[in-house]
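Worksheet for the structure shown next.
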Amino acid sequence: MPLALAHPPAEHAHVLDDAGVTYALVDALNASRLATPAAQRGIRLHSLEGAAAGGGPGPRRPWPDLEAGGRALVLYTSGTTGKPKGAVHTHGSLAAQVASLSQAWGWSAADVIPNVLPLHHTHGLVNVTLCAIANGACVEMPAGFDAEACWRRLEEGGLTVFMGVPTVYAKLAAAWAVADHATRVRRSGACRRLRLMVSGSAALPVPLFSRWEELSGHRLLERYGMTEIGMALSNPLRGDRVPGTVGSELPGVRVQLVDEEGEECPDGLPGGLRVSGPTLFREYHGRPEETAKSFADGWFLTGDVAVRERGSFRILGRASMDILKSGGYKLSALEIEDALRLHPAIRDVAVVGLPDEEWGERVAAAIVAEGEPPTLEALRAWARDRLAPYKVPSRLVVVDDLPRNAMGKVTKPAVKALFELGAHRR
């Protein structure tokens, strides 16, 4: 079970307690992070350097026979809508994920990829590292992500694949924009030498999709997955990649959209997204009731709402956080966010629903401004030309940055709290 290095002590404490950790491998650089909570819980710490040198506990034993259904890995969810839960994956589910992505994305021993993502999450651990290892490819492990260092490595050449979250691409694009002309040319050329660039773990804003294509020549391949299921949907390796969509089912994965009665939805009508196949996790660690509630007739209930249009899926958001109910309408916060990002004074935005006696929920927007922020009245006037009247925000707060987790996902409960705090409120 990998721990997130960037998480604060309180989140480490939750995971250590929830998983019942008794033993931890730590490197010298990070040993101090766990020293206190480990001592408080009686957790034994062992040096990673010592283990690598052959000084591990007990005698060396033969490699065990691995059963496909045996527990292999606990990955904790992002906790965007509640406390993180430990998703237990098996050797079989991990092998199925790697096989599916290897086929869909054309992995080979000739590939070279830098992993700029953390290893406590499916994106960096499975999609990048395990896929590379399984195919005999080379994965480079820089110490975290730095936009300028990343650009320098891209310019050096020799890479074939790059994967990142939207925040990574936004930072790379910002660094490209402030560089001189010659540097921009070099960096654009470096991107064009890659065979594939992938974005995931959070919705890719359509304006960023277009901006990246202009500067790099790549139409980013966006895909959809979760800690519990691995990757389920992907735009094609070869073929049209439609902005704002996550493509179709990956090899070995089945997907359905169902209405509130459990009936399958036709194309064009939104429904709850559910997934089945060998890539699915086994259970939530120590949470049998939550595990049982997450499945129906063998399908995992993702909690996301999506719509299928011409064979490609578009994610409308989490049913619990991104589907707003206002004045009798069901609204997609992600759709409203995409529209608001087109405003020239908005660099980033998160939309949430605030409780309201009259409307059920009010559409509220937290924005990061580019220069002078718009007033609520000015924003509403601008948005009426692009959104239906009931989708136009009626609450606005201006912030320096949106609250995000370690994977760059905006944490919507924290966004709601911004309105309660009233920071820079309009």
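Answer yes or no as to whether R395 is closer than 17 Å to A203 by Cβ, basic (K, R) and modelled with pLDDT of 90 or more. Spell out the reasoning first.
Values: closer than 17 Å to A203 by Cβ: no; basic (K, R): yes; modelled with pLDDT of 90 or more: yes.
Taking the combined requirement at face value, the residue does not satisfy it.
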Can you tell me which condition S216 does not meet? The list is (1) crowded, with 21+ Cβ neighbours inside 10 Å; (2) under 24 Å from L340 (Cα atoms); (3) of a type outside the set (A, V, I, L, M, F, W, C), and all the others hold. (2)
Enumeration of residues in region 249-296 that are in contact with a helix residue (DSSP H, G or I) (Cβ under 7 Å, 6 or more places away or on another chain), hydroxyl-bearing (S, T, Y) and either assigned to a loop (DSSP other than H, G, I, E, B) or under 22 Å from E309 (Cβ atoms) (or both): T279
Give the residues of region 219-235 that are outside any strand (DSSP E or B) and either under 13 Å from R314 (Cα atoms) or free of Cβ contacts under 8 Å to residues at least 40 places away in the same chain (or both), sorted by residue number. R219, N235
Could you look through region 99-117, keep only residues that are β-branched (V, I, T) and surrounded by 21 or more Cβ atoms within 10 Å (Cβ to Cβ), and pick out the one that is modelled with the lowest pLDDT? V116
Can you tell me which of (1) more than 29 Å from E213 (Cα to Cα); (2) buried (at least 22 other Cβ atoms within 10 Å of the Cβ); (3) at pLDDT below 95 is the one H121 doesn't meet? (1)
Which members of region 341-366 meet the condition of being buried (at least 22 other Cβ atoms within 10 Å of the Cβ) and more than 16 Å from A170 (Cα to Cα)? V351, V352, G353, V363, A364, A365, A366
All-but-one check, P142 against (1) touching a helix residue (DSSP H, G or I) at 6+ places or on another chain (Cβ under 8 Å); (2) in contact (Cβ under 8 Å) with a residue 40 or more places away in the chain; (3) not polar (S, T, N, Q), failing number (2)
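For region 1-105, give me every one of the helices (runs of 4 or more DSSP H) that falls completely inside it and has 1 or more residues that are within 19 Å of the chain's Cα centre (by Cα).
Working: elements: 9-19, 31-41, 48-52, 91-105.
Answer list for region 1-105: 9-19, 91-105.
Report whether or not P243 is in contact with a helix residue (DSSP H, G or I) (Cβ under 8 Å, 6 or more places away or on another chain), at pLDDT below 95 and surrounded by fewer than 20 Cβ atoms within 10 Å (Cβ to Cβ).
So P243 fits the description; yes.
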Has region 197-210 got at least one residue that is closer than 27 Å to V368 by Cβ, part of a loop (DSSP other than H, G, I, E, B) and not small (G, A, S)? yes
How many residues, within region 15-40, are over 26 Å from A143 (Cβ atoms), surrounded by fewer than 15 Cβ atoms within 10 Å (Cβ to Cβ) and touching a residue at least 24 places away in the same chain (Cβ under 8 Å)? 2
Which of the residues belonging to region 173-195 are of a type outside the set (F, W, Y), out of contact with any Phe, Trp or Tyr (no Cβ under 7 Å at 6 or more places or on another chain) and crowded, with 17+ Cβ neighbours inside 10 Å? A190, C191
Which one of the conditions (1) modelled with pLDDT of 95 or more; (2) more than 18 Å from N405 (Cβ to Cβ) does A143 fail to meet, given that it meets all the rest? (1)
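The values are calculated or read from the model by the stated rules, or taken from the named source; none is laboratory data. This structure is a prediction, so every number in the text was calculated from the model and none was measured. Note that each Cβ is placed from the backbone with ideal geometry, even for glycine, and that neighbours are counted across all protein chains shown.
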